[in-house]
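See below for the structure under consideration.
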Amino acid sequence: MTGEAARVRQMWHLLEPLHAVLYYAPAAFEEAAALGYDTEERWASYFAWRAAPLGAAGADEVVRTFHSFAPATVAEYVPASWATAPPEAVLAARLRAVDRSYRALFGDRRVEGADFAEAAALARRAAEAASDLRVPGPANSASRPADSALGPANSALPWPDAPHLALWHAATVLREHRGDGHIAALGAAGLDPVESLVSFAAVGAARPEVFASRGWGEQEWGAARQRLQERGLLAADGTATEAGRELRAKVELRTDEEAAAPWRALGEEGRVRLAELLGEPWLETIGSGMLPGENTLGIGKV
């Protein structure tokens with residue numbers, strides 16, 4: 001991994017937990033329940049929270065932009081999500097959820113303090129640079145339409161006034177911008193959605209059981225394993241071959257490259273300062289026990 005790639009990946013690791021509180025915080029489930037979503041399990045609110053920037057998206061659009069979920073799983077929640085609450089109501093509720101969650105995690109005094117304000121200003125500079133970029137497309141394609149990707153959809157939303165909410169919004173824009181680039185990198189590697197998960201599990205990013213949340217059945221998972229074995233990317237025991245590890249390393253490196261431009265725009269001094277400011281909130285978020293210790297993104301593993 002190059003020095004720049006390592007720095008870009010570090011910023012992803014620091015920002016991802018600050019974004020992800022939306023999907024796990026008690027306040028977020030309370031806000032979702034107030035909208036009418038079933039909160040006995042997390043997926044009804046997850047699909048609503050994450051897809052709302054796309055507008056009243058249909059299942060096909062969410063399958064494409066989320067990439068890793070089985071179409072049947074998406075269809076359980078989309079477009080039914082918008083009958084429960086329209087996207088504009090979901091967008092307002094997710095900011096309320098983040099406000100309550102951040103205040104519970106960090107305290108009113110800190111979220112209204114100078115460090116959060118400085119971090120928000122720096123992260124916003126990077127996120128605004130991301131919004132000016134073309135959307136990465138699949139191999140041999142100039143770009144995907146901007147409205148079909150989660151990075152631009154979040155970039156188009158108004159910036160919250162409160163610094164801690166602006167910080168969360170910037171983290172969201174940057175992580176979805178990275179995700180759009182990751183989908184492009186997977187496509188360039190010839191990996192379809194289920195193959196992407198199987199190959200990721202094969203390099204130890206997470207146990208295969210963790211990826212079951214994406215909804216692929218045993219037959220679909222097994223067929224993907226067979227295809228990867230035929231390409232020489234997977235051994236018979238389901239672990240990656242050397243070629244498989246090399247391909248996944250190339251995917252992660254290309255993802256870092258696609259995600260690098262906003263950090264170049266911020267500059268090294270700004271990036272280092274932002275990393276310093278994020279260190280304590282990151283530790284507190286991880287230490288809260290709110291987020292799962294093993295995740296499908298490979299945080300801490302790649």
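In this structure, does GLY222 turn out to be part of a loop (DSSP other than H, G, I, E, B), more than 22 Å from GLU76 (Cα to Cα), without any contact (Cβ under 8 Å) to a residue 24 or more places away in the chain and not charged (D, E, K, R)?
Answer is no for this residue.
Mind listing whichever residues of segment 242-266 are open to solvent by 20 Å² or more (accessible area, probe 1.4 Å) and either modelled with pLDDT under 95 or farther than 22 Å from ALA201 by Cβ (or both)?
GLU257, GLU258, ALA261, TRP263, ARG264, ALA265
Just give me the residues in segment 256-288 being assigned to a helix (DSSP H, G or I), of a type outside the set (A, V, I, L, M, F, W, C) and more than 16 Å from GLY3 (Cβ to Cβ), in sequence order.
If the condition is that a residue be assigned to a helix (DSSP H, G or I), of a type outside the set (A, V, I, L, M, F, W, C) and more than 16 Å from GLY3 (Cβ to Cβ), then GLU258, PRO262, GLY270, ARG273, GLU276, GLY279, GLU280, PRO281, GLU284, THR285, GLY287 are the ones that fit.
Consider THR239 against the criteria (1) open to solvent by 50 Å² or more (accessible area, probe 1.4 Å); (2) modelled with pLDDT under 95: it satisfies all of them except one. Which criterion is unmet?
With respect to (1) open to solvent by 50 Å² or more (accessible area, probe 1.4 Å); (2) modelled with pLDDT under 95, THR239 is out only on (2).
Just to be sure I understand the filter: pairs with C-beta atoms under 7 Å, separated by 6 or more residues or on different chains, first member in segment 249-263 and in contact (Cβ under 8 Å) with a residue 24 or more places away in the chain, second member among the basic types (Lys, Arg) and assigned to a helix (DSSP H, G or I). Which pairs pass?
THR255/ARG178; ASP256/ARG9; ALA259/ARG178; TRP263/ARG7; TRP263/ARG271
Taking segment 210-235 as the region of interest, how many residues are charged (D, E, K, R), closer than 14 Å to SER196 by Cβ and open to solvent by 40 Å² or more (accessible area, probe 1.4 Å)?
4
Return yes or no: is ALA170 at pLDDT below 95 and surrounded by 23 or more Cβ atoms within 10 Å (Cβ to Cβ)?
No: the conditions fail for ALA170.
Tally up the residues in segment 233-265 that are out of contact with any helix residue (DSSP H, G or I) (no Cβ under 7 Å at 6 or more places or on another chain), within 14 Å of LEU186 (Cα to Cα) and among the basic types (Lys, Arg), please.
Selection size over segment 233-265: 2.
Are any of the residues in segment 266-273 closer than 18 Å to MET11 by Cβ, free of Cβ contacts under 8 Å to residues at least 60 places away in the same chain and among the β-branched types (Val, Ile, Thr)?
yes
Across segment 62-92, what is the total count of residues that are among the aliphatic types (A, V, I, L, M) and more than 19 Å from the chain's Cα centre (by Cα)?
Matching residues across segment 62-92 total 7.
The values are calculated or read from the model by the stated rules, or taken from the named source; none is laboratory data. These figures come from a predicted structure and were not determined experimentally. FYI the Cβ positions are ideal-geometry reconstructions off the backbone, even for glycines, and counts take in every protein chain you see. These area figures cover heavy atoms from the full protein model, side chains too; ligands, DNA and RNA do not enter into them. Shrake-Rupley method; radii C 1.70, N 1.55, O 1.52, S 1.80 Å.
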